[in-house]
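So the structure is just underneath, and the comments pick up after that.
The values are calculated or read from the model by the stated rules, or taken from the named source; none is laboratory data. Just so it is clear, the structure is predicted and the values come from calculations on it, not from any experiment. Here the Cβ positions follow ideal geometry from the backbone for every residue, glycine too, while neighbour counts run over all protein chains shown.
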Amino acid sequence: MNGIVVRLLCIAAILLGGAELRAQSVGELRASLVENYVGRLAALAQGCETEGLKREAEITRGWLPPLRPLVLFVPIVKDVTDDAEPSEETAKLSPEWQSRFGMLRQAQAEALFALVAKAIDERQYSIGFELLHETLRENPDHEAARRLLGYRRRDGRWLTVYEEAKAKANQVWDSRFGWLPKAQFERYASGERFYKGKWISAEEEARMRGAIGWEVVTEHYRVRTNHSLEEGVRLAARLERLYDVWRQVFVRYYLTDLELGKLLTGVGLPPRAMPRHNVMYFRNRAQYNQALKFKQPNIAITTGYYEGNTKTAYFFAGEEQDDSNLYHEATHQLFSETRNVVQNIGRDANFWVIEGIACYMESLVEGDRYCTLGGAESSI
């Protein structure tokens, strides 16, 4: 038996009890863990309120989303580490509460991680994949879970292979400018731009680029836009967040049970070249309509469009644009390009399921280190 599985089974037996572990399914044990955790968080929040710690009570009560029928809870673990410098708000919070809250989360992380062995034993590999992410939301620095998901530690942060390569190249990510050489960051922040081998103002760069615009490259996307560098980066970051949700919810679409089993037991996956998805982001609706009217005669009634022949998603900036349409069209792109499928799938048959899944992704709502999907109250 693989060493990591033995370790997980031992932890599970200690935390959950051997007899209980055998008698209940991984789904039942997981539900019980969450229910008990909700109770412990509620007790801590109540104690905070009694002591007049209103902000601490608010954070504790809001840590887990309300349990609602038909709603998926999707943890966000990328770019989240607890070993970063504490924020100004964190410094003002009760040290005793921080210790107790941290201990609750650490214990929950270990219990969730222990259940991965049960998921492997029952061949519930997709549940095991979910448990790894739930573990990391509770303890972003959980080494075993990070390594199983392919992260590598560098300078106190857990990075993907792509991010590690950027770090080795001495590049940094900024939410306004995207990936930059570290040496250029200060000048960008002061309003300068490096273009065609020289430093110029941001205004001059915009004039020189004109219709050519900017290209923003992230781990999974290439966004071309004539709007601005900052807007291109903002869109790319939103698409990366959608990608993170999609890869968790639809893991069985792009990985087989055999591959998932290897991932969960530490064998790992063979290197594979994942596609980088192309996106065009126009300055306004008029440019979007003009560029696409020959591809799609009804383009004027759309606010986004995925074109299967060119494998490109098209959007435009402005008040008409909304998150739901972005999620919809980008979902079509992910399903069409992540594995081999018929070109323009759904055009001639099974249209309902292709559109149904994309419509479902319109319900995505972001919370604190998590997203939700679905729910009876969704507007889709």
* Asked: Only one residue in Ser324, Ser363, Ser336 is of a type in the set (S, T, N, Q), part of a loop (DSSP other than H, G, I, E, B) and free of Cβ contacts under 8 Å to residues at least 60 places away in the same chain. Which one?
  -> Ser363
* Subset of region 45-77 [of a type in the set (Gly, Ala, Ser) and either more than 24 Å from Met103 (Cβ to Cβ) or free of Cβ contacts under 8 Å to residues at least 12 places away in the same chain (or both)] -> Gly47, Gly52
* Asked: When residues of region 174-191 are filtered for being polar (S, T, N, Q) and surrounded by 13 or more Cβ atoms within 10 Å (Cβ to Cβ), how many remain?
  -> 1
* **Test result for Asp155, among the acidic types (Asp, Glu), in contact with a helix residue (DSSP H, G or I) (Cβ under 8 Å, 6 or more places away or on another chain) and under 30 Å from Gly374 (Cβ atoms)** => no
* Condition met for Glu205 (acidic (Asp, Glu) and either surrounded by fewer than 16 Cβ atoms within 10 Å (Cβ to Cβ) or at positive phi (or both)) -> no
* Structure fact -> Here the residues within region 242-277 that are surrounded by fewer than 16 Cβ atoms within 10 Å (Cβ to Cβ) and part of a helix (DSSP H, G or I) are Arg252, Tyr253, Tyr254, Asp257, Leu258
* So which of Leu258, Leu235, Leu229, Leu239 ends up being under 24 Å from the mean Cα position of the chain (by Cα) and farther than 29 Å from Asp368 by Cβ? -> Leu258
* Considering only residues of region 317-350 that are under 23 Å from the mean Cα position of the chain (by Cα) and hydrophobic (A, V, I, L, M, F, W, C), which is nearest to Ser363 (Cα to Cα)? -> Leu326
* Give me the pairs, please: first residue somewhere in region 195-211 and outside any helix (DSSP H, G or I), second residue anywhere and surrounded by 15 or more Cβ atoms within 10 Å (Cβ to Cβ), beta-carbon distance under 6 Å, and either six or more positions apart or on two chains. => Tyr195/Glu205; Trp199/Glu192; Ile200/Arg193; Ala211/Asn226
* Asked: Of the residues in region 32-44, how many are under 13 Å from Leu64 (Cβ atoms), free of Cβ contacts under 8 Å to residues at least 60 places away in the same chain and surrounded by 13 or more Cβ atoms within 10 Å (Cβ to Cβ)?
  -> 3
* In the set Glu134, Glu138, Glu130, Glu89, which member is exposed (fewer than 13 other Cβ atoms within 10 Å of the Cβ) and closer than 30 Å to Trp173 by Cβ? -> Glu89
* Asked: Going by the conditions given, is Ile357 at pLDDT 90 or above and either over 19 Å from His133 (Cβ atoms) or surrounded by 18 or more Cβ atoms within 10 Å (Cβ to Cβ) (or both)?
  -> yes
* What residue, among those in region 242-292 that are basic (Lys, Arg) and in contact with a Gly (Cβ under 9 Å, 6 or more places away or on another chain), is nearest to Arg137 (Cα to Cα)? -> Lys262
* Starting from residues that are of a type in the set (D, E, K, R) and within 23 Å of Arg252 (Cβ to Cβ), keep the ones in region 141-171 and report whichever is surrounded by the fewest Cβ atoms within 10 Å (Cβ to Cβ). => Arg147
